[in-house]
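A short write-up of the structure that comes next.
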């Protein structure tokens, strides 16, 4: 993509504010789920903030589509990650890595090695997926009859054992909503963890092979 | 393979009808398993449909063998996927990807990138394997003494946690039939998920490395 | 290695008989473990057969070492798989693949593709590891107080969910012996399954990329 | 890095003593956790030894930073493994592989193949992570109300099923401290196991492909 296209300029100008907006969205959702004893006025504030932010994200998505042009379905497919984060705005902070790259680039700092960046990106995404998933499942399960997930600590522990595919089974979602979110987490977690371990494995091989080259050859 | 060989022409002519037939087979099986209160006349219709469709698949398999020629065992080995879908006709819709490719090809649309196609193919296969496995295990477990899998929702949830290897253990098959099908699902699921995560990992590395090339080099 | 060295000739002459001996060893062990009501005379026959076969394997190992020459530790390290199968003779049938290769080679049949051979080898090894592990753990657990593994069917189901890392936890070893064998199975199973899924993933990528090359290029 | 730089000389001179110190640290920790009936005098000796050794590691870390120079954060990031082992000194024995390499190098022995070294390194790290994690979690869980982890044998078995992601769930940590350590183990174990299985898979492919080249080509 050309760096001077209207699309690239739109991205550069809005990226940081949209990232802050996405963190605010996550915070508002977390407040609504976790702060049980919050007065209902503040609960409504959280809700309206989320709706407003989501509208903002939707506007950004539509603007990007108009700037690219073409059929909507084609845009939705080629900008797959944007489509996902409009539908699941909790995952929007995933866009932190391009942002971090852009900031470092302006400061002229050398960037991390390729594998390190993939690992950093996938690990951050996994953490975010785990946190957002724990929040969403906890909201579904809280108060359900027969639920084994009683505190948010339980939900975080459940998310960790689910994404790592350990799955002890001491805590499991029992509601249909919770199980559906859990399936999305399993699918996303597996893909991301595969990326982490695959890159880590290539990276280790690369480091070890570079060390071999450095030293004098042996029979 | 030559595009004008009798084998290729047979494939082009029959592919779409056989794909629709395989969806019908899956639907008939699902109806038989899930629609408990269906009158027995319709249950028989489902059964006869399945037998007829399976015969159709078997005829297609034999025709392909005769078109290729040679010894049967050699054909069965070199056309391994065809052999599998004749034995396990529930998995026949797996052939959707070559079909989708063929259709897009006629319409002159550009095809997806290599990794995206592998991921799409393996993900669809995983979904199909999970759905067919949930149906088959549910049929075995339903009504077994001590079964923890009570509804089809339970069966889908069990299939998701099995294929992702999370395995909470809140729902487990207890019959020999259910466990045997579960072992096939584990083997197939692992292979397919490995393909998804492996391709996703290579894809991420490729995307990140392309981005690096695009930007000006840094020390 | 030179095909005419004394080592290679020893291998060619003894390979088939030793493979049959290793199957006999596995069968004798299975008989001892599974045939509970077998008269003690036949139990002793099984035991003596196992001891005799193990001595045979040890002699083969020492002969190989003498043919190669050099220090023992160096031989043990460079012929790692031989060392493993002398210590754990239940796994000796793993050597089936080189044998199968050798037989096909004599008959002049074309060999399977590289990835297919790795997948076949690793899958067979996984099956063997699972069967031998199920036998060995069943022998430890049978009759232990509080054991959840009651029949050999349970043991096979447990082995499948362990090697696939699903781990429902409906059946778990409770004795120290059973748990120790289970840890070896986990380590071996993970390595082998990683090889299966890794090769399957590369293979799919290769097949899809070959298909892309075959068809006319598109924009 | 230049082999004659002050940093490299510092590393060569201190490596072996620091490795022995790290083993002593692990032993002192294990003694404190496992030897329940040890008189409190010896418990204090263990504690003071650990504090002294940790100070030694911290001094080594600071000296390395001063020898490299530059900003602290930059050093902490580029010497990531050193930073990790200063914060989690139980994992310090991980540095065994560079040491083993250095010793073999002096003796002029040929080194292991690339993949074998990655596998050896990652397997040793996994074992160490499992042992240290079992100790640390056992210390948290011991005596907690409702704990299912009663003996150190239980802790080792739990660590094995966690790192291999089998996760039966027969034993699970229930305290917040134990669960936090378990999450670190899951993250580290997945990365290391991914490295083991990835390298093993590449290694098998390489061995099989070398065998193919060796034999006469077939149609």
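Details
- Over chain D, DSSP H runs of length four or greater, each weighted -39,500 (n - 2.57), average out per residue to a 222 nm ellipticity of -26000 deg cm²/dmol.
- Rg ratio (alpha-carbon, reference 2.2 N^0.38 Å) - the protein assembly as shown: 1.02
- Per-residue shielding of D:179-190, expressed as the average number of other chain Cβ atoms within 10 Å of the residue Cβ, stands at 4.
- For the residues of D:145-158, the average number of beta carbons from a partner chain within 10 Å of their own beta carbon is 1.
- For the options D:34, D:205, D:128, a Gaussian network treatment of chain D with springs between C-alpha atoms closer than 10 Å singles out D:205 as fluctuating the most.
- For the pair residue B:87 and residue B:151, label points projected 7 Å from Cα toward Cβ lie 3.6 nm apart.
- As a calculated quantity, the FRET efficiency between residue D:67 and residue B:63 at R0 = 56 Å, using C-beta atoms, amounts to about 0.15.
- In terms of other Cβ atoms within 10 Å, C:180, D:151 run from fewest to most in the order D:151, C:180.
- With a Förster radius of 22 Å applied to the beta-carbon distance between residue A:77 and residue A:9, the computed FRET efficiency rounds to 0.40.
- The Cα atoms of the stretch A:5-48 define a convex hull whose projected area, averaged across directions, is 3.4 nm².
- Full extension of the segment from residue B:127 to residue B:23, taken as 0.36 nm per residue of separation minus the current Cα-Cα distance, would add 36.0 nm.
- Each other copy places its own label point for residue D:184 at 3.2, 3.2, 4.6 nm from this one, sorted shortest first, where the point lies 7 Å along the Cα-to-beta carbon line.
- Chain D: Rg to Rh, with Rh as the Kirkwood radius over Cα pairs: 1.04
- Calculated over the stretch D:112-219: convex hull of Cα atoms, volume per residue (Å³): 110 Å³
- Our summary gives chain C a relative contact order of 18 percent, counting only alpha carbon pairs under 8 angstrom and 6 or more residues apart.
- The eigenvalues of the Cα gyration tensor, multiplied by 5 and square-rooted, give the stretch B:1-92 an equivalent ellipsoid with semi-axes of 31, 13, 10 Å from largest to smallest.
Values quoted throughout were computed directly from the atomic coordinates according to the rules given, and no laboratory measurement underlies them. These numbers come from a predicted model, not from an experiment. Reconstructed Cβ throughout: ideal geometry from the backbone, glycine too, with neighbour counts over all protein chains shown.
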